[in-house]
1. Can you name every residue in the range 314-345 that is at pLDDT below 95 and surrounded by fewer than 19 Cβ atoms within 10 Å (Cβ to Cβ)?
2. From (1) touching a Ser or Thr at 6+ places or on another chain (Cβ under 8 Å); (2) small (Gly, Ala, Ser); (3) farther than 19 Å from residue 95 by Cα, pick out the condition that doesn't hold for residue 193.
3. For the condition of a type in the set (Ser, Thr, Tyr) and modelled with pLDDT of 95 or more, what is the one hit in 3, 114?
4. Can you name the number of the only condition in (1) farther than 30 Å from residue 252 by Cα; (2) over 25 Å from the mean Cα position of the chain (by Cα); (3) surrounded by fewer than 21 Cβ atoms within 10 Å (Cβ to Cβ) that residue 367 fails?
5. Quick one: in the range 59-115, which of the residues that are outside any helix (DSSP H, G or I) and of a type in the set (S, T, N, Q) is farthest from residue 204 (Cα to Cα)?
6. Going by what's in this entry, would residue 212 be described as in contact (Cβ under 8 Å) with a residue 12 or more places away in the chain, buried (at least 22 other Cβ atoms within 10 Å of the Cβ) and β-branched (Val, Ile, Thr)?
Amino acid sequence: MQTMPPHVYLDHAATTPVSESVLAAMMPYFCDYYGNPSAIHTLGAASRDAVENARESVASALNARPEEIVFTSGGTEADNTAIRGAAFAGAGRHLLCSAVEHHAVLETMEALATRCGYALDVVPVDRDGLVDPDEVARRIRPDTALVSIMHANNEVGSVQPIGEIGTICRARGVLFHTDAVQTFGKLPIDVRSMGIDLLSVSGHKLYGPKGVGALYVRRGVKLERYQDGGEQERGRRAGTLNVPGIVGLGRAAEDAVAEMPAEAERLRRLRDTLIADVESRIDGARLSGPRACRLPGNAHFCIEGVQGESVLLALDGAGIYASAGSACSAGSVEPSHVLAAMGVARDLARGAIRLTMGRATTEDVVATVVQALSAAVRDIRRLA
């Protein structure tokens, strides 16, 4: 296996390393406790107990009941299951989402509209990428089957007023789904007080493994089965369970909840320092999204006079790993749909760079990144 050279990682919104705690929890379930959790023998029971313990951990992090947690292969499957399942199980033919949703939500909604004849209403956002709850209320119709608004944007970090939107949907009798992939384990979530019916999470955004996620389904909510096969997950999601991954997700949730208050505040301080230093040292660096209602570790800029890809390559050469936005859109020649929805000019949007921090980020790391970013922008502008 190739050994990675020393580097600075500022792409935690894309993925995170598996923590030592999570890896240690997972290891026994690869070789020692390898039984199928659906089996009735002792080895299967050991795996089943581990799955149920993880289910309790994920549920506790959301103030949900364990039986309301369905394990999936990740956030994308959770989003698809929630949206398609709610659409096909309900009588309504109208769907509602925001213009800045992750592609797992937007494309699923668009597929239902184009292939199945559902009416899709896309709610605009303001210049900070925020949804107006009153606009959601105005667009809800008698035949609305589902409203889906993400908790926080994966690119610019805008944290949406989910509690207000959930209250509106509950009062109108409309199902409410939120993609919480970016906030689970980072911000407090209470599905009951926030009026959430369906919620998606992913393991690899909070130092858990890739290939595992979960969907919260409020008790009483009817979902059409999205994946046919066996009767796993109380008949809601067929397929043999990924026991090591589920164990890892459970441990990651426990660890994240335990450290959340202190870690969120630490990241906010680093984020604000990074934003202030970039704005003071780089002319034409414009912060994307709000200054207050944003993810603790997210700093996203559009920089005038440069291409974001060129900046990222220069940073990569200096051992600093960052991104322009969603990893799911890497390679696209089009500017981000999120920035377009926020009204960012096309030329400016091409200078996008996203710096997302995590447990390994320190004040020294921030200083190093600001210096390298300033040098990269200066050199690129000189060559241009």
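1. If the condition is that a residue be at pLDDT below 95 and surrounded by fewer than 19 Cβ atoms within 10 Å (Cβ to Cβ), then 327, 328, 329, 330, 331, 332, 333, 334 are the ones that fit.
2. Of the numbered conditions (1) touching a Ser or Thr at 6+ places or on another chain (Cβ under 8 Å); (2) small (Gly, Ala, Ser); (3) farther than 19 Å from residue 95 by Cα, the odd one out for residue 193 is (1).
3. Exactly one residue qualifies, and that residue is 114.
4. Going through (1) farther than 30 Å from residue 252 by Cα; (2) over 25 Å from the mean Cα position of the chain (by Cα); (3) surrounded by fewer than 21 Cβ atoms within 10 Å (Cβ to Cβ) one by one, residue 367 breaks only (1).
5. As a first pass, look at the range 59-115 and keep what is outside any helix (DSSP H, G or I): 63-65, 69-74, 90-102.
Restricting the remaining residues to those that are of a type in the set (S, T, N, Q) gives 63, 72-73, 98.
Working: 63: 21, 72: 13, 73: 11, 98: 24 Å.
Taking the candidates together, the pick is 98.
6. On the way: in contact (Cβ under 8 Å) with a residue 12 or more places away in the chain: yes; buried (at least 22 other Cβ atoms within 10 Å of the Cβ): yes; β-branched (Val, Ile, Thr): yes.
When the stated conditions are applied, residue 212 passes them.
Conditions (1) assigned to a helix (DSSP H, G or I); (2) outside the structural domain of residue 32 (by TED's automatic domain parsing); (3) of a type in the set (A, V, I, L, M, F, W, C), marked per residue:
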residue	(1), (2), (3)
221	no, no, yes
234	yes, no, no
238	no, no, yes
247	yes, no, yes
264	yes, yes, yes
302	no, yes, yes
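The values are calculated or read from the model by the stated rules, or taken from the named source; none is laboratory data. Computed from a predicted structure; not experimentally measured. Here the Cβ is made from the backbone with ideal geometry for all residues, glycine too, and neighbour counts use every protein chain on show.
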